[in-house]
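Notes to accompany the following structure.
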Amino acid sequence: MAAAPSILVIDDEQGILETLRILLKNEGFDVTTAQGGKTGLEQLKSSAPDIVLTDLKMPGVTGIEILSAVRGQDPETPVILMTAQASLQTAIQAVNEGAFYYIQKPFSNDDMVAICRRAAEHRRLRAENKQLKQEIRRRERSGQVKPLGKSKLFSDVMRLAEQVAPTESTVLIQGESGTGKEVIARYLHELSTRAEGQFLSLNCGALPESLLESELFGHVKGSFTGAVRDKQGLFAAARGGTFFLDEIGEMSPATQVKLLRVLQEREAIPVGGIEAIPVDVRVVAATNRDLEDDIKRGRFRTDLYYRLNVINIHLPPLRDRRDDIPIFVKEFLTHIATERGESAKTLSAEAEEVIMSYDWPGNVRELENALERAVILCEGLVITADMLALGTAVASNPEVAEMEKSASLTDYFKTYVLQHQDDMSETELARNLGISRKALWERRIRFGLRRTR
């Protein structure tokens with residue numbers, strides 16, 4: 001048996017509210033009432049009715065403002081406006097703002113019931129249409145190319161991703177830099193019920209704290225120097241879709257507290273603001289850090305970790321899924337050739353051996369960069385080992401100890417940074433070198449090793 005359509009009735013007159021409540025309840029509607037526009041807005045924050053029936057002229061908060069709030073929360077919700085002071089101008093405004101119907105008081109009971117039933121049918125058809133579109137998209141996507149890889153480790157990752165994608169659960173993707181965390185996040189979005197919504201992403205380690213909060217939560221005009229107008233945050237902009245938070249482990253403790261509140265309360269307060277904005281997004285976070293270790297060191301909040309880590313997906317490094325390397329090589333060489341408008345190049349036997357034995361500390365991203373560089377350097381159709389320029393760092397990460405034993409520490413530092421800076425974050429570079437990010441920055445300046453991008 002289908003559930004009764006829910007309807008929120010908003011009016012500043014208690015008598016009209018009671019009349020409509022009895023009328024619509026007797027006709028099979030699940031009725032909630034709110035006296036006044038302000039109370040109506042509060043009800044909307046805590047519930048999502050199928051239909052909203054509101055008076056137009058109310059003190060404080062008007063019916064047009066209710067309409068705007070409903071449209072911001074769910075554009076598919078039909079809003080019926082009623083007024084005793086009808087005019088052509090207000091009717092046109094209501095229709096332009098997206099009202100489903102505009103009815104004048106006094107109205108007959110039959111007319112009101114007919115309009116509400118029509119609105120309920122409209123809502124039902126829209127919901128069915130959306131579900132059908134999602135099912136069609138899911139079937140279409142099932143025949144599309146999945147993220148590359150056939151190794152057992154990666155196949156296990158894909159099975160888990162496909163199992164959790166249709167849910168609303170928060171997902172934490174962990175893995176080294178360059179393993180394809182954003183690729184998996186996008187795949188989760190494409191297989192989810194939010195696939196028709198936006199996929200927005202933000203690198204939490206790329207912005208200073210003050211700017212990061214503004215990007216996440218938005219800000220109000222005048223909240224800080226340079227805030228010349230209100231700005232919508234990404235949590236609001238991603239409404240109905242998926243929000244991917246990359247490098248979540250780089251977030252400051254103060255911002256972690258605010259993010260935790262968003263995940264708990266499902267609402268965000270813009271910087272400098274006092275009014276909370278409803279949040280309707282699926283959050284997927286990613287990090288290359290060991291967050292459990294960061295928790296022990298007091299760098300990451302335990303409560304936030306458990307909020308994010310509802311579903312954990314761990315991406316294995318490329319060195320642990322060597323069966324997938326030939327697949328990536330073929331795909332990247334084909335893609336690079338298409339981009340350059342030329343025939344795809346191949347690897348010599350020696351180059352294949354080097355690629356298969358190399359440890360790829362920068363993972364898939366480093367492999368793609370190495371192949372692109374080799375294609376550019378190769379004047380023929382066959383890429384040789386020397387064109388890959390992978391150095392001597394082969395087989396296992398004691399590369400830090402094995403690489404150029406006779407070279408000085410300074411030479412080793414320069415070589416390692418230049419070789420891996422395009423494939424690793426500053427955090428991972430510093431960790432692999434056994435120094436702090438500050439020390440890495442100071443040595444970059446001392447040796448003139450500035451990032452190229």
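The values are calculated or read from the model by the stated rules, or taken from the named source; none is laboratory data. Only a predicted model underlies this, so the values are computations on that prediction, with no experimental measurement involved. Methodologically, a virtual Cβ is constructed for each residue, glycine included, from the backbone with ideal geometry; neighbour enumeration extends over all protein chains shown. Only protein heavy atoms, including side chains, enter the accessible area calculation; ligands, DNA and RNA are left aside. Shrake-Rupley method; radii C 1.70, N 1.55, O 1.52, S 1.80 Å.
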- Out of (1) crowded, with 20+ Cβ neighbours inside 10 Å; (2) in contact with a Ser or Thr (Cβ under 9 Å, 6 or more places away or on another chain), the odd one out for T179 is which? (2)
- Query: Looking at R117, R126, which is the one that is open to solvent by 20 Å² or more (accessible area, probe 1.4 Å), in a helix (DSSP H, G or I) and modelled with pLDDT of 90 or more?
  - Reply: R117
- Query: Does at least one position in the range 334-354 carry a residue that is surrounded by 19 or more Cβ atoms within 10 Å (Cβ to Cβ) and in contact (Cβ under 8 Å) with a residue 40 or more places away in the chain?
  - Reply: no
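Among L200, L148, which is open to solvent by 30 Å² or more (accessible area, probe 1.4 Å), within 29 Å of A370 (Cα to Cα) and assigned to a loop (DSSP other than H, G, I, E, B)?
L148
Looking for something open to solvent by less than 40 Å² (accessible area, probe 1.4 Å), part of a helix (DSSP H, G or I), modelled with pLDDT of 75 or more and under 26 Å from R289 (Cα atoms) - is there at least one such residue anywhere in the range 393-409?
Taking every residue of the range 393-409 in turn, none turns out to be open to solvent by less than 40 Å² (accessible area, probe 1.4 Å), part of a helix (DSSP H, G or I), modelled with pLDDT of 75 or more and under 26 Å from R289 (Cα atoms).
Just to be sure, is I64 assigned to a helix (DSSP H, G or I), open to solvent by less than 80 Å² (accessible area, probe 1.4 Å) and either modelled with pLDDT under 90 or not polar (S, T, N, Q) (or both)? Talk me through it step by step, then tell me what you get.
Numbers: assigned to a helix (DSSP H, G or I): yes; open to solvent by less than 80 Å² (accessible area, probe 1.4 Å): yes; either modelled with pLDDT under 90 or not polar (S, T, N, Q) (or both): yes.
Spelling it out, I64 is indeed assigned to a helix (DSSP H, G or I), open to solvent by less than 80 Å² (accessible area, probe 1.4 Å) and either modelled with pLDDT under 90 or not polar (S, T, N, Q) (or both).
Could you please let me know if R229 is at pLDDT below 90 and either in contact with a Cys (Cβ under 9 Å, 6 or more places away or on another chain) or exposed (fewer than 15 other Cβ atoms within 10 Å of the Cβ) (or both)?
Working: at pLDDT below 90: yes; either in contact with a Cys (Cβ under 9 Å, 6 or more places away or on another chain) or exposed (fewer than 15 other Cβ atoms within 10 Å of the Cβ) (or both): yes.
Answer is yes for this residue.
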- Message: For S169, only one of the following conditions fails: (1) in contact with a helix residue (DSSP H, G or I) (Cβ under 7 Å, 6 or more places away or on another chain); (2) in contact (Cβ under 8 Å) with a residue 40 or more places away in the chain. What is its number?
- Response: (1)
- Query: If you scan the range 102-114, which residues turn out to be in contact with a Ser or Thr (Cβ under 8 Å, 6 or more places away or on another chain) and either in a helix (DSSP H, G or I) or open to solvent by 50 Å² or more (accessible area, probe 1.4 Å) (or both)?
  - Reply: Q104
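Return a yes/no flag: does the range 314-324 have any residue that is within 20 Å of K231 (Cβ to Cβ), in contact with a Lys or Arg (Cβ under 9 Å, 6 or more places away or on another chain) and not in a helix (DSSP H, G or I). Break it down into steps so the answer makes sense when it comes.
Of the range 314-324, the ones within 20 Å of K231 (Cβ to Cβ) are none.
No, the range 314-324 contains no residue that is within 20 Å of K231 (Cβ to Cβ), in contact with a Lys or Arg (Cβ under 9 Å, 6 or more places away or on another chain) and not in a helix (DSSP H, G or I).
This table checks each residue for (1) open to solvent by less than 20 Å² (accessible area, probe 1.4 Å); (2) in a helix (DSSP H, G or I); (3) under 20 Å from S425 (Cα atoms); (4) of a type in the set (F, W, Y).
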{"residue": "F235", "(1), (2), (3), (4)": "yes, yes, no, yes"}
{"residue": "V257", "(1), (2), (3), (4)": "no, yes, no, no"}
{"residue": "V262", "(1), (2), (3), (4)": "yes, yes, no, no"}
{"residue": "A286", "(1), (2), (3), (4)": "yes, no, yes, no"}
{"residue": "F300", "(1), (2), (3), (4)": "yes, no, yes, yes"}
{"residue": "R307", "(1), (2), (3), (4)": "no, yes, no, no"}
- Residue check for T167: open to solvent by less than 30 Å² (accessible area, probe 1.4 Å) and not in a helix (DSSP H, G or I): no
- Which listed residue, of A48, A4, A99, A69, is surrounded by fewer than 17 Cβ atoms within 10 Å (Cβ to Cβ), within 21 Å of A120 (Cα to Cα), within 33 Å of the chain's Cα centre (by Cα) and not basic (K, R): A48
- Item | The lone exception for I22 - which of (1) open to solvent by 70 Å² or more (accessible area, probe 1.4 Å); (2) within 30 Å of S192 (Cα to Cα); (3) hydrophobic (A, V, I, L, M, F, W, C) it fails | (2)
